[in-house]
1. When you go through Gly44, Gly13, Gly40 one by one, which is the residue that is small (Gly, Ala, Ser) and touching a Gly at 6+ places or on another chain (Cβ under 9 Å)?
2. Would you check which residues across segment 10-29 are closer than 21 Å to Leu63 by Cα and among the β-branched types (Val, Ile, Thr) and list them?
3. Being touching a residue at least 24 places away in the same chain (Cβ under 8 Å) and either of a type in the set (A, V, I, L, M, F, W, C) or assigned to a helix (DSSP H, G or I) (or both), is that true of even one residue in segment 31-46?
4. Of all the residues that make up segment 60-93, how many are open to solvent by 50 Å² or more (accessible area, probe 1.4 Å), among the β-branched types (Val, Ile, Thr) and assigned to a helix (DSSP H, G or I)?
5. Take Phe43 and tell me if it is open to solvent by 40 Å² or more (accessible area, probe 1.4 Å) and at pLDDT below 85.
6. Go through segment 16-37 and give me each residue that's of a type outside the set (Phe, Trp, Tyr) and either farther than 26 Å from Tyr65 by Cβ or touching a Gly at 6+ places or on another chain (Cβ under 9 Å) (or both).
Amino acid sequence: MFQRLEKRAAPPGLSARDTEILKSVQRRAHYLDKGFSIFGFRFGWTFFIGLIPFIGDATNVYLDYRLVVKKARQADIPLWLLNRMLFHILVGAGVGFIPFVGDVL
């Protein structure tokens with residue numbers, strides 16, 4: 001009935017340390033974005049957290065920030081790339097704080 005997707009292999013050229021970091025980020029992102037399936041609809045913890053006005057949006061920003069910064073430090077990501085990722089978090093937060101529109105997008 002349900003088919004499990006095959007796990008993708010790590011991109012070539014990654015060290016063992018970077019491969020572990022990538023797997024960790026993918027696992028957390030999976031549960032935050034689409035960790036559950038009910039009646040064919042996939043959703044994650046961010047859906048439930050986002051139902052709480054303002055506090056849920058602030059919590060999602062914190063979880064995203066923590067995931068990005070913590071793993072970026074472990075992976076020695078360049079500062080310009082870290083800044084770009086943080087900018088995307090801020091844009092998502094700005095849209096999320098707009099009532100109703102943030103939930104639809």
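The values are calculated or read from the model by the stated rules, or taken from the named source; none is laboratory data. Values in this document were obtained by computation on a predicted structure and should not be read as measured data. Every residue, glycine among them, receives a Cβ derived from its backbone with ideal geometry; neighbour counts consider all protein chains shown. Each accessible area value is taken on the protein alone, full model and side chains, heavy atoms only, with ligands, DNA and RNA left out. Shrake-Rupley method; radii C 1.70, N 1.55, O 1.52, S 1.80 Å.
1. Result of the check over Gly44, Gly13, Gly40: Gly44.
2. If the condition is that a residue be closer than 21 Å to Leu63 by Cα and among the β-branched types (Val, Ile, Thr), then Ile21, Val25 are the ones that fit.
3. The answer is yes, given that some residue of segment 31-46 is touching a residue at least 24 places away in the same chain (Cβ under 8 Å) and either of a type in the set (A, V, I, L, M, F, W, C) or assigned to a helix (DSSP H, G or I) (or both).
4. 1
5. no
6. Ala16, Ala29, His30, Leu32, Asp33, Lys34, Gly35, Ser37
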